[in-house]
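Here's the structure we're looking at; comments come further down.
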Amino acid sequence: MKLLCALSLCLILLSGLVSAQPPSTVIHIINVKWKPEATPEQIKAVLDAAHQLPTKYPGIKRVWTKTMRYQGQEGMKQAIVMEFESAAALKNYANSAAQKWWYDLYMPIHEDSRTHDITN
């Protein structure tokens, strides 16, 4: 029984060490200003398409689009966040078929944007 408890304690401690490692993923933040004529339906289509990107480009792990509170640049009303597996995955996303697919929806209704790429 003591051995089982000791092994359990070791596993708990080791799992804590593994989870304490900083992630190597890259967070790509897009602050968006929509064109005045962009309709809610068009914006929804862009956001829905963003959530499909992980199925179209394996280097994207997660996408967030629900803005809870936004204090961005003047006129920017939306943040789109993508988590990439690595810096290389983000670099290779540029001009990929997935990016071109998403841009077909995004570019016609976005007026301006600013991006930020963050990692450890």
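Any residue at all in the range 84-97 that is modelled with pLDDT under 95 and among the basic types (Lys, Arg)? Scanning the range 84-97, I find no residue that is modelled with pLDDT under 95 and among the basic types (Lys, Arg), so the answer is no.
A Cβ distance below 8 Å, combined with a sequence gap of six or more or placement on separate chains, defines the contacts here; from the range 74-96, residues that are of a type in the set (A, V, I, L, M, F, W, C) reach residues that are assigned to a helix (DSSP H, G or I) in the pairs Ile80/Leu47; Ile80/Ala50; Met82/Ala50; Met82/Leu53; Phe84/Leu90; Phe84/Tyr93.
Restricting attention to the range 65-89, and to residues there that are exposed (fewer than 15 other Cβ atoms within 10 Å of the Cβ) and hydrophobic (A, V, I, L, M, F, W, C), which single residue is nearest to the chain's Cα centre (by Cα)? Of everything passing the filter in the range 65-89, Ala87 is nearest to the chain's Cα centre (by Cα).
Checking each residue in the range 70-118 for being of a type in the set (A, V, I, L, M) and part of a helix (DSSP H, G or I) picks out Ala87, Ala88, Ala89, Leu90, Ala97, Ala98, Leu105. Taken over the range 1-38, the criterion of being assigned to a loop (DSSP other than H, G, I, E, B), closer than 29 Å to Phe84 by Cα, at pLDDT 70 or above and of a type outside the set (D, E, K, R) is satisfied by Gln21, Pro22, Pro23, Ser24, Thr25, Ala38.
Looking at Lys61, Lys56, just one residue is touching a Pro at 6+ places or on another chain (Cβ under 9 Å), modelled with pLDDT of 95 or more and either polar (S, T, N, Q) or surrounded by 13 or more Cβ atoms within 10 Å (Cβ to Cβ) (or both), and that residue is Lys61.
The values are calculated or read from the model by the stated rules, or taken from the named source; none is laboratory data. Owing to the predicted nature of the structure, the values given are computational and were not obtained by experimental measurement. All Cβ positions, even for glycine, are placed from backbone atoms using ideal geometry, and neighbour counts span all protein chains on display.
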